[in-house]
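Chemist: Can you keep this structure in mind? I'll have questions shortly.
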Amino acid sequence: MPEGSGPRPGAPGRHKRRSTPPIDPCLITAEGLVRFYRRHILSPLEVTQAVLARAERLNPALNAVVTLDSAGALEAARASEARWAAGCPLGPLDGVPLTVKDNIPVAGLRCSWGSATHRDFIPARDELPVARLRAAGAVILGKTNVPEFTLEGYTSNALFGPTHNPWNTDLTPGGSSGGAVAAVAAGLGPLAIGTDGGGSIRRPASHTGLVGMKPTPGRVPRADGLPPILLDLEVIGPIARTLGDAAILLSVMAAPDPVRDPASRGLPPFLPPDEMPRLRIRYVPYFPGHPVDPGIAASVATAARGLAALGHEVEEGPPPFDVETVLPLFGAIGGAGLAWLLSTLPGNPDPRSPNLLAMAQAGRAMPAGALMAALDGMAAFRRQIAGFLTTECDAILTPSAAALPWSAGESHPPVIDGQPVGPRGHAVFTNFANLGGLPALALPCDPVGGLPCGFQLVGPPGSDAVLMAVGAEYEAAHPWADRWPPLA
């Protein structure tokens, strides 16, 4: 039950406090928490204590948080509580608990990257987006589980084992931001930050009923991070239950820093409601030759009709690119990046994952000319897709994932709609946005058989604000924030 859905308490005086919060603090949005802090109905300390207690109760069944920093979170919460009491919060996330994906460095906390090669790595500095969140008063709870080197579409590794989906703990939340989405979906903090190199925010968000945003490259500056094995295909973005929360989280991380990240750039601010655009949307229900779960297809078709009912021009059509030419570029770039990373580590180790071992072997065997050809193909695709999204339409709508959540013990679903698929069969819809340097927003749509699913809107470079505004409009017409999984 989200904040605001029950009786609203009266506004107390500045120093008057309710003896009990109006609802479970763990089920309140980030925006709602700040409203309660401002009115002295809740404090950051009691919210953080409630979330830590909830993590103690639920995380053993989820394995979402692999490094919990209770002491650090409580210290940050006490400092935030003092600021709120003095009437001088640091910003719109002061005192809000959140988690950080385990491939994003947080000073003093283990950053394993899901690999034994980084088992004991404790960074001395926050990666830049984390430093900005800390400076804004956010309460960092800990690190969330990932697959090895964050290169697979589910979440398990040899160090910590699999993460489980709060909607059905026999199933995966997807990946690679699986721990992040499982935490938010179960109420272990209203926010998380993850990375998306080929759909690693958007697909897990769809598997858990959340909002996930892959920003335009450069929207969120990066510095002091792990080696960029996916180049600018991988970006940091927000995971939340609502568009409002996601927008606030993104805004805190997003100012350009031309010194520490010369590729960063300022983009238009988030649009006010009175500037809501009407979009021309190309609805692509499937990619030729790639199966989609029939329930997902039906749910996304309903979402497309919902966008049309809001006044957007939605026209069904094929993907505006050759799928079999574009999608393999991701494997070539990822394989070369993984092989390079391993070559920098003592002994040039092999990955533990069989899928990644094959990927690394292919990367090691790849001639330099093949990598350059892949990079040249990606550059050509970026020009082509940017042109299409400028002249022919304003956004592309597809399912976020081709499959519903599958067994937590398997790296991928072996069959979709009766057809055998490989390790990326469930992930076909997302990596074109990364290859194209495009922003992409994942939104929930109608559940299928009691399980969440979602769709994505992909826009031209720099259209982050437009996508978020349309997403907020859709959410207002088709709210989902009161859908909580059984484990929550």
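The values are calculated or read from the model by the stated rules, or taken from the named source; none is laboratory data. Worth saying up front: this structure is predicted, and the values here are computed from it rather than measured. Glycine gets a Cβ as well: all are built from the backbone with ideal geometry, and neighbour counts include every protein chain shown. When the accessible area is computed, the model is the full protein with side chains, heavy atoms only, and any ligands, DNA or RNA have been set aside. Shrake-Rupley method; radii C 1.70, N 1.55, O 1.52, S 1.80 Å.
Chemist: Consider only pairs whose beta carbons are under 9 Å apart and that are at least six residues apart or on different chains; among these, list those whose first residue lies in segment 316-332 and is open to solvent by 80 Å² or more (accessible area, probe 1.4 Å) and whose second residue is assigned to a helix (DSSP H, G or I).
Modeler: Partner pairs satisfying both residue conditions: E316/A301; E316/A304; T325/G377; T325/F381.
Chemist: For segment 337-380, what are the residues that are assigned to a loop (DSSP other than H, G, I, E, B) and out of contact with any Leu (no Cβ under 7 Å at 6 or more places or on another chain)?
Modeler: T344, L345, P346, G347, R352, S353, M366, P367, listed by residue number.
Chemist: Let me ask another. Kindly list, by first and then second residue, each pair from a residue in segment 250-262 that is within 20 Å of G91 (Cβ to Cβ) to a residue that is in a loop (DSSP other than H, G, I, E, B) and basic (K, R), limited to pairs with Cβ atoms under 8 Å and residues at least 6 apart or on different chains.
Modeler: Note: pairs meeting the criteria are L250/R219; A254/R219; P256/R265.
Chemist: Is it the case, given these coordinates, that L52 is under 25 Å from the mean Cα position of the chain (by Cα), within 20 Å of R483 (Cα to Cα), touching a residue at least 24 places away in the same chain (Cβ under 8 Å) and crowded, with 19+ Cβ neighbours inside 10 Å?
Modeler: no
Chemist: Output the residues belonging to segment 245-294 that are surrounded by 12 or more Cβ atoms within 10 Å (Cβ to Cβ), farther than 30 Å from V130 by Cβ and modelled with pLDDT under 95.
Modeler: Answer for segment 245-294, where residues must be surrounded by 12 or more Cβ atoms within 10 Å (Cβ to Cβ), farther than 30 Å from V130 by Cβ and modelled with pLDDT under 95: M276, P277.
Here is a yes/no grid of residues against (1) on the phi > 0 side of the Ramachandran plot; (2) open to solvent by less than 60 Å² (accessible area, probe 1.4 Å); (3) β-branched (V, I, T); (4) touching a residue at least 12 places away in the same chain (Cβ under 8 Å):
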residue: T344; (1), (2), (3), (4): no, no, yes, yes
residue: F381; (1), (2), (3), (4): no, yes, no, yes
residue: C393; (1), (2), (3), (4): no, yes, no, yes
residue: T398; (1), (2), (3), (4): no, yes, yes, yes
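Chemist: Sticking with this structure for a sec: Going through segment 139-169 one residue at a time, which ones are open to solvent by less than 20 Å² (accessible area, probe 1.4 Å) and either under 30 Å from A82 (Cβ atoms) or assigned to a strand (DSSP E or B) (or both)?
Modeler: Result: V139, I140, L141, G142, K143, T144, N165.
Chemist: Return only the number of the condition from (1) closer than 21 Å to P92 by Cα; (2) open to solvent by less than 10 Å² (accessible area, probe 1.4 Å); (3) of a type in the set (D, E, K, R) that R241 does not satisfy.
Modeler: Evaluating R241 over (1) closer than 21 Å to P92 by Cα; (2) open to solvent by less than 10 Å² (accessible area, probe 1.4 Å); (3) of a type in the set (D, E, K, R) leaves (2) as the failure.
Chemist: Only one of these is in a loop (DSSP other than H, G, I, E, B), under 19 Å from L250 (Cβ atoms), over 16 Å from the mean Cα position of the chain (by Cα) and of a type outside the set (S, T, Y): P105, P92. Name it.
Modeler: That would be P92, the only listed residue that is in a loop (DSSP other than H, G, I, E, B), under 19 Å from L250 (Cβ atoms), over 16 Å from the mean Cα position of the chain (by Cα) and of a type outside the set (S, T, Y).
Chemist: Quick one: in segment 412-465, of everything that is part of a strand (DSSP E or B) and free of Cβ contacts under 8 Å to residues at least 60 places away in the same chain, which residue is farthest from H207 (Cα to Cα)?
Modeler: P420
Chemist: Hey, which of the helices (runs of 4 or more DSSP H) in segment 30-89, taking only ones fully inside, have at least 3 residues that are under 25 Å from P166 (Cβ atoms) and touching a Ser or Thr at 6+ places or on another chain (Cβ under 8 Å)?
Modeler: It comes to 44-62, 70-85.
Chemist: Quick one: which of L90, L74, L109, L133 is within 23 Å of R222 (Cα to Cα), touching a helix residue (DSSP H, G or I) at 6+ places or on another chain (Cβ under 7 Å), open to solvent by 10 Å² or more (accessible area, probe 1.4 Å) and aliphatic (A, V, I, L, M)?
Modeler: Answer to the check: L90.
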